[in-house]
Each structure stands twice: as C-alpha cells, then as structure tokens.
Amino acid sequence: MKTVQLGVVLLMLFMLTGTIIYKTSDQSAPLQLSESMKDTYRSVAWHSLNEAEQVGVINHWKEADVSFRKNEHLMIFPVGEAQAHIFEKIRDKVEQWITVTFHTNHDERLRPITVVIHPGSGEVVGYVARF
C-alpha cells in the first residue's frame, strides 16, 4: 500500500512540475534533474529505507546525492521478489538509473546506501551492492 501511495504522489508531482529531466544546450552533456525533482527522489529513497538504515545515515536525508548512473556501472539488487522479476525484464532497456546516495556510519566497511530509482516511473527498483 505504501508503494502505491508513493507512486500516486510521484505521478502528481511529475504532472505538476512538468518536464523532470532536461538536457543542457550541450548535446554531449549528461542528463540533469531540476532541484525540485532531486528533492522528490530523495524523499522516495528515504522512505524506502527501513528504520535501522535511517538511523545509520550520518547526514540529513535532504542532503543526499542524487544523480544519473549508467546501467553497466551498477550492481543492483532488486527490492523484492516481484521487483526482481520486473527488473530482469527492464534492466537492459534502461541506460541510466537515478541513484540517491546516503552516507552512513558503516561506509568504511560497506559503502554508502545507494537507492536505485527507475527514471520513467520514479519507483525504487533496488539498491546498489554494499560490499
């Protein structure tokens, strides 16, 4: 139910804010996100974490890094069984994922928590491996 509510909120935000992803005048420049969309993705990613993960985050969640990352540079673990099935079908069709990175008190051993979001739907699809 929580996922459905987040999806509805995201859809409404996308409709209200208009274009969410834009290119600069330089065609070789990477895709960019508006600040309002970065805030939306931070919120979606933050609420996908469990309480133990949230407690370990050392910076305020609104300061998390939001960026595009190429598919081939990520080892993504899907959120659950249902997402794993969907993820396998779309993995090779998505060139870049939106990632939100939270630094934790375990970064030295495990790396930060990086949430992976589908750029079209705005849904969390998984997490980057932390080993």
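Would you call Gly122 among the small types (Gly, Ala, Ser), out of contact with any helix residue (DSSP H, G or I) (no Cβ under 6 Å at 6 or more places or on another chain) and in contact (Cβ under 8 Å) with a residue 24 or more places away in the chain? Against the criterion (among the small types (Gly, Ala, Ser), out of contact with any helix residue (DSSP H, G or I) (no Cβ under 6 Å at 6 or more places or on another chain) and in contact (Cβ under 8 Å) with a residue 24 or more places away in the chain), Gly122 does not qualify.
In this structure, does Arg42 turn out to be touching a residue at least 12 places away in the same chain (Cβ under 8 Å), under 14 Å from Thr114 (Cα atoms), in contact with an Asp or Glu (Cβ under 9 Å, 6 or more places away or on another chain) and not β-branched (Val, Ile, Thr)?
Numbers: touching a residue at least 12 places away in the same chain (Cβ under 8 Å): yes; under 14 Å from Thr114 (Cα atoms): yes; in contact with an Asp or Glu (Cβ under 9 Å, 6 or more places away or on another chain): yes; not β-branched (Val, Ile, Thr): yes.
Against the criterion (touching a residue at least 12 places away in the same chain (Cβ under 8 Å), under 14 Å from Thr114 (Cα atoms), in contact with an Asp or Glu (Cβ under 9 Å, 6 or more places away or on another chain) and not β-branched (Val, Ile, Thr)), Arg42 qualifies.
Applying the selection to the range 1-60, what residues are in a loop (DSSP other than H, G, I, E, B) and modelled with pLDDT of 55 or more? Once the filter is applied, which keeps residues that are in a loop (DSSP other than H, G, I, E, B) and modelled with pLDDT of 55 or more, the range 1-60 yields Pro30, Leu31, Ser34, Leu49, Asn50, Ile58, Asn59, His60. Beta carbons closer than 8 Å, at least 6 apart along the sequence or on distinct chains, pair a first residue in the range 94-112 that is in contact (Cβ under 8 Å) with a residue 24 or more places away in the chain with a second that is buried (at least 16 other Cβ atoms within 10 Å of the Cβ) and among the aromatic types (Phe, Trp, Tyr) for Ile98/Tyr41; Val100/Tyr41; Val100/Trp46; Phe102/Trp46. Screening Ile98 with (1) touching a Leu at 6+ places or on another chain (Cβ under 9 Å); (2) of a type in the set (A, V, I, L, M, F, W, C); (3) more than 20 Å from Met37 (Cβ to Cβ) gives one miss only, at (3).
Close Cβ contacts (under 6 Å, 6 or more residues apart or on different chains) running from residues in the range 73-86 that are surrounded by 10 or more Cβ atoms within 10 Å (Cβ to Cβ) to residues that are assigned to a helix (DSSP H, G or I) comprise Pro78/Ala84; Pro78/Phe87.
The values are calculated or read from the model by the stated rules, or taken from the named source; none is laboratory data. Remember, it's a predicted structure, so these values are computed and weren't measured experimentally. Neighbour counts are summed over all protein chains in view; Cβ atoms, including those assigned to glycine, are modelled from backbone coordinates with ideal geometry.
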